[in-house]
Amino acid sequence: MLTYGKISFDSQSCTVYHEDSQVHLNPKEYALLELFIRYPTHVLSYDAIIDRVWEGDSIPTRSCIRTHIKRLRRAFNAVDYPGEIVENVHGLGYRLAPLSTSETGVIRPPAGVLQRFFKSKAIEYLVLDDHQIVQYLSPGVTQYSDDPTEVKLNEAASDGFPEFVGLEDTFQEILDGERDSFELHGVGKGTNSARPDYINFYAVGDRDTQLANRLFIFFEDASDQMRSRQRLVQRSNETMLLLERLQIT
């Protein structure tokens, strides 16, 4: 039994309900809904949909897929589903429409809030595929690299970030689901004079058993944190020296 908000999807009896109302679907629409429910946060391209719903069948046109999605929407409209069950993400594909707060009881920060948080905390990030090749660069991530010219799409992440050398197995464990995350604090500045004196980085996996695995690596400017710690250590050492001198005298 799969659920999404107030939708229940029973793969044993091949039935779908919204609250207490059965949603009547033909086999392709049923298969489409199962795909979307199994990957509720993913935007699925036409190719991804074809690979999983039409496997072994003749390849449908995009118009054909759009027609099935319209029928899926109409089937849910018939049982008073609020809004559209599937939404179009322009230029990328389709995904399940996000659930409302009233349905989930969970308030998640929207993308705009997260972006403002990242900006205020000087956080940038890389996205790596399951071969640890760079698939996306946030606009300011190169400032965290020893050599910004080596930070490129479709290249190994370690080319621009030598601190990743030796962590390949750790990153792979995250991609494989053997560990949740990894973090390293207080990495010192390399040869790039524009780089922060110290950085923290955090590696977190976004795993999926069928779609491509991704690894997000977040970078944070830790210069102020490290300088504060160094001042505290220095003061502590000075206090210890002073106490030793007083004991001697």
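The values are calculated or read from the model by the stated rules, or taken from the named source; none is laboratory data. Quantities reported herein were computed from a predicted structural model and do not represent experimental measurements. Cβ sites come from the backbone with ideal geometry, for glycine too, and all protein chains shown count toward neighbours.
Given the criteria over 28 Å from Asp206 (Cβ atoms) and without any contact (Cβ under 8 Å) to a residue 12 or more places away in the chain, does Ser21 qualify?
no
Would you check which residues across region 174-203 are of a type in the set (A, V, I, L, M) and surrounded by fewer than 14 Cβ atoms within 10 Å (Cβ to Cβ) and list them? If you could, list the steps in order and put the result at the bottom.
Step one: of region 174-203, the residues of a type in the set (A, V, I, L, M) are 174-175, 184, 187, 194, 199, 203.
Of everything in region 174-203, just one residue is of a type in the set (A, V, I, L, M) and surrounded by fewer than 14 Cβ atoms within 10 Å (Cβ to Cβ), namely Ala194.
Out of everything in region 205-249 that is under 21 Å from Asp130 (Cβ atoms) and part of a loop (DSSP other than H, G, I, E, B), what residue ends up being modelled with the highest pLDDT?
Among those residues, the one meeting the criterion is Asn213.
Per-residue answers, yes or no, for (1) of a type in the set (Ser, Thr, Tyr); (2) farther than 30 Å from Glu34 by Cβ:
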site	(1), (2)
Gln143	no, yes
Asp147	no, yes
Ser158	yes, yes
Leu175	no, no
Pro196	no, yes
Val204	no, no
Ala222	no, yes
Thr239	yes, yes
Leu246	no, yes
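Do we find that Cys14 is farther than 24 Å from Asp206 by Cα and at pLDDT below 90 in this structure?
Yes.
From the list Phe161, Phe171, exactly one residue is over 17 Å from the mean Cα position of the chain (by Cα), hydrophobic (A, V, I, L, M, F, W, C) and surrounded by 15 or more Cβ atoms within 10 Å (Cβ to Cβ). Which is it?
Selected residue: Phe161, the only one of Phe161, Phe171 that is over 17 Å from the mean Cα position of the chain (by Cα), hydrophobic (A, V, I, L, M, F, W, C) and surrounded by 15 or more Cβ atoms within 10 Å (Cβ to Cβ).
Having 3 or more residues that are under 26 Å from the mean Cα position of the chain (by Cα) and not assigned by TED's automatic domain parsing to the domain that holds Asp206 is the bar; report the helices (runs of 4 or more DSSP H) wholly within region 1-103 that clear it. First the steps, then the outcome.
On the way: elements: 27-38, 46-53, 62-77.
Result: 27-38, 46-53.
Looking at Leu2 and the list (1) of a type outside the set (S, T, N, Q); (2) touching a Phe, Trp or Tyr at 6+ places or on another chain (Cβ under 6 Å); (3) loosely packed, with under 14 Cβ neighbours inside 10 Å, which single condition is not satisfied?
Among (1) of a type outside the set (S, T, N, Q); (2) touching a Phe, Trp or Tyr at 6+ places or on another chain (Cβ under 6 Å); (3) loosely packed, with under 14 Cβ neighbours inside 10 Å, Leu2 violates only (3).
Would you mind stating whether Thr170 is farther than 21 Å from Gln115 by Cα, part of a loop (DSSP other than H, G, I, E, B) and among the hydroxyl-bearing types (Ser, Thr, Tyr)?
no
Provide a single number: the residues in region 95-136 that are at pLDDT 75 or above and touching a Ser or Thr at 6+ places or on another chain (Cβ under 9 Å).
Residues that pass the stated criteria total 10.
Over 16 Å from Val127 (Cβ atoms), touching a Phe, Trp or Tyr at 6+ places or on another chain (Cβ under 8 Å) and charged (D, E, K, R), is that true of Glu168?
Against the criterion (over 16 Å from Val127 (Cβ atoms), touching a Phe, Trp or Tyr at 6+ places or on another chain (Cβ under 8 Å) and charged (D, E, K, R)), Glu168 does not qualify.
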